[in-house]
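What follows is one structure encoded as structure tokens, with my remarks underneath.
The values are calculated or read from the model by the stated rules, or taken from the named source; none is laboratory data. Model, not experiment: these values are computed from the prediction. No Cβ is skipped: glycine too gets one built from the backbone with ideal geometry, and neighbour counts run over all protein chains shown.
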Amino acid sequence: MQHILLALLIGGAFGFVLDRIGATNPGYIIKMLNLSNLHLMKTILAGIGIASVLTFGGLMTGLVDPGHLSVKTAYIGVFIGGLLLGTGFAVAGYCPGTGLTAAATGRWDGLVFVIGGLLGAAAYMGSYAWVKTTGVLDHIAGGKATLGTIAGTKYPALLEGVPGEAIGLVLGVAFIVIAVLLPASLKSSGVAEPAE
Amino acid sequence: MPLNWKTGGLALGIVFFAAVLLIKPIGVSTQFVILDGILWDAASPDVVVQSETAKSGYESPNAYLNKSGGKYAKNVANPLNYSFVFVIAMMLGAGLSAALRGGVPASERNMPEIWRANFGNSVAKRYIAAFIAGFLVLYGARLAGGCTSGHMMSGMMQTAVSGYIFAAGAFLAGIPIALFLFRKEA
């Protein structure tokens, strides 16, 4: 029951924030990807950076339970899947989370995207056994690997012996710095809205 | 008008951190499979069955639902679990936020302005594109094992190697395609 309350609380906050940063508007996603308005990119980079600094700071001080981390496996299919997702992301201006939340805000094309998504997920369920035989799901780069070694976890490190917490803090700060330095638009002709 | 990126980024970062602090990293795309499974199981009840041998207590003749000891099969059988409720709550949160800011304008409900500027007013054209894009995005996300939330944001904030591989793929495809398709400004 406590888990369900947390799901309602964190899920609700996540959806609320996605809408407030403009991520439920496919126009902002498309303008981020065609580089004409990087406002959303700055927001996302800052978000990753802040979450990273808080998480690794929390791990170092003992506030965060290392058992709460969940690192996904690396395999060639992650890259291929990223390419497929990026293609649809650019065409529609939606990803799974923003498609669902956009539909919830009353965007009909978001709902159509979600229906296509349910079919795409079903197609993957149907083809999974075959995909597995192709070898694209075979682990690479250590499988569930992190960049450095994170205490209290069993994840293999790409840079063995380097403390993962320090890497997490440094990269977190780096993401924030990139968010600050990134211009509001990379297109000279672009009439982007001001960053703030 | 969205929040400025500093406030928005802080809010987004706090939510992703809170998820890890309190329970586990945020992810969304798996729940498309769970909803498919629920619908499929409603149509043909032998898609998910209880099992004494499976680690989760449930198994499925579908190899994907059955993988990792039937953990997806279990969630199909018990939709009132954290991850599924999370996604429903996410939709409620977004709906609430939109309602409080006065809703999405009628002119935006079928397509964004930048689509109209490049591809015209046809609703059918936009829906067909959105449908195919949805198919590609979710097929890709399931192949990758996560989406923009789970791989890109949750992954990179944990310094997961897979998160960087995913982000590289998504932007290597997304940026050139968006540059090619959307040349006219809204």
Study note, to complete from the structure: Taking region A:107-140 and keeping residues of a type in the set (S, T, Y) and either surrounded by 19 or more Cβ atoms within 10 Å (Cβ to Cβ) or out of contact with any helix residue (DSSP H, G or I) (no Cβ under 9 Å at 6 or more places or on another chain) (or both) leaves A:Y124, A:Y128, A:T133
Review point. Looking at region B:1-55, which of its residues are more than 7 Å from chain A (Cβ to nearest Cβ) and in contact (Cβ under 8 Å) with a residue 60 or more places away in the chain?
Key: B:G27, B:T30
Check your understanding: Can we say B:Y58 is among the aromatic types (F, W, Y) and touching a strand residue (DSSP E or B) at 6+ places or on another chain (Cβ under 8 Å)?
Key -> yes
Practice item. For B:T7, work out the one condition from (1) assigned to a helix (DSSP H, G or I); (2) over 20 Å from A:I48 (Cα atoms); (3) out of contact with any helix residue (DSSP H, G or I) (no Cβ under 6 Å at 6 or more places or on another chain) it doesn't fulfil. Key: (2)
Study note, to complete from the structure: Residues in region B:97-146 that are out of contact with any strand residue (DSSP E or B) (no Cβ under 9 Å at 6 or more places or on another chain), assigned to a loop (DSSP other than H, G, I, E, B), at the interface with another protein chain (Cβ under 7 Å from one of its Cβ atoms) and not hydrophobic (A, V, I, L, M, F, W, C) total 5
Point to revise | Whichever residue in region A:54-63 is surrounded by fewer than 24 Cβ atoms within 10 Å (Cβ to Cβ) and facing another protein chain (nearest Cβ under 8 Å) and, among such residues, is farthest from A:A166 (Cα to Cα) | key: A:L63
Exercise for review: Filter region A:61-92 for residues that are outside any loop (DSSP other than H, G, I, E, B) and either in contact with a strand residue (DSSP E or B) (Cβ under 9 Å, 6 or more places away or on another chain) or of a type in the set (F, W, Y) (or both) and give the result.
Suggested key: A:Y75, A:F79, A:F89
Check your understanding: Does A:A102 satisfy being in a helix (DSSP H, G or I) and in contact with a Pro (Cβ under 9 Å, 6 or more places away or on another chain)?
Key -> yes
Exercise for review: Consider A:G22 carefully, then state whether it is among the small types (G, A, S), in a helix (DSSP H, G or I) and at the interface with chain B (Cβ under 7 Å from one of its Cβ atoms).
Suggested key: no
Review point. Listed residues B:A133, B:A141; which is in contact (Cβ under 8 Å) with a residue 40 or more places away in the chain and within 14 Å of A:A121 (Cβ to Cβ)?
Key: B:A141
Practice item. State yes or no: is B:L80 over 29 Å from B:F166 (Cα atoms) and among the hydrophobic types (A, V, I, L, M, F, W, C)? Key: yes
Practice item. Mind telling me which of the residues A:G93, A:G97, A:G77, A:G168 ends up being crowded, with 24+ Cβ neighbours inside 10 Å, in contact with a Cys (Cβ under 8 Å, 6 or more places away or on another chain), facing chain B (nearest Cβ under 8 Å) and in contact (Cβ under 8 Å) with a residue 24 or more places away in the chain? Key: A:G97
Practice item. Of the conditions (1) at pLDDT below 95; (2) closer than 25 Å to A:G120 by Cβ, B:A186 clears all except one; give me its number. Key: (2)
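Residues are listed down the side, and each one gets a yes or a no for (1) within 25 Å of A:P26 (Cβ to Cβ); (2) within 15 Å of the chain's Cα centre (by Cα); (3) among the β-branched types (V, I, T):
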{"residue": "A:F56", "(1), (2), (3)": "no, no, no"}
{"residue": "A:M60", "(1), (2), (3)": "no, no, no"}
{"residue": "A:V78", "(1), (2), (3)": "yes, yes, yes"}
{"residue": "A:G97", "(1), (2), (3)": "yes, yes, no"}
{"residue": "A:T105", "(1), (2), (3)": "yes, no, yes"}
{"residue": "A:G117", "(1), (2), (3)": "yes, no, no"}
{"residue": "A:A123", "(1), (2), (3)": "yes, no, no"}
Practice item. For A:K144, work out the one condition from (1) at the interface with chain B (Cβ under 7 Å from one of its Cβ atoms); (2) crowded, with 18+ Cβ neighbours inside 10 Å; (3) assigned to a loop (DSSP other than H, G, I, E, B) it doesn't fulfil. Key: (1)
Study note, to complete from the structure: Looking across region B:80-96 at residues that are in contact (Cβ under 8 Å) with a residue 12 or more places away in the chain and more than 7 Å from chain A (Cβ to nearest Cβ), the single one that is farthest from B:F32 (Cα to Cα) is B:S83
Check your understanding: Quick one: would you say B:L39 is surrounded by fewer than 17 Cβ atoms within 10 Å (Cβ to Cβ), outside the structural domain of B:A144 (by TED's automatic domain parsing) and either among the hydrophobic types (A, V, I, L, M, F, W, C) or in a helix (DSSP H, G or I) (or both)?
Key -> yes
Point to revise | Meets criteria (of a type outside the set (F, W, Y), touching a residue at least 12 places away in the same chain (Cβ under 8 Å) and surrounded by 23 or more Cβ atoms within 10 Å (Cβ to Cβ)) for B:A117 | key: no
Revision key, fill the gap. The residue that is farthest from the chain's Cα centre (by Cα), considering only those in region B:147-176 that are of a type in the set (F, W, Y) and at the interface with chain A (Cβ under 7 Å from one of its Cβ atoms), is B:F171
Exercise for review: Could you check, for region A:40-56, whether at least one of its residues is more than 30 Å from B:P176 (Cβ to Cβ), touching a Gly at 6+ places or on another chain (Cβ under 6 Å) and assigned to a helix (DSSP H, G or I)?
Suggested key: yes
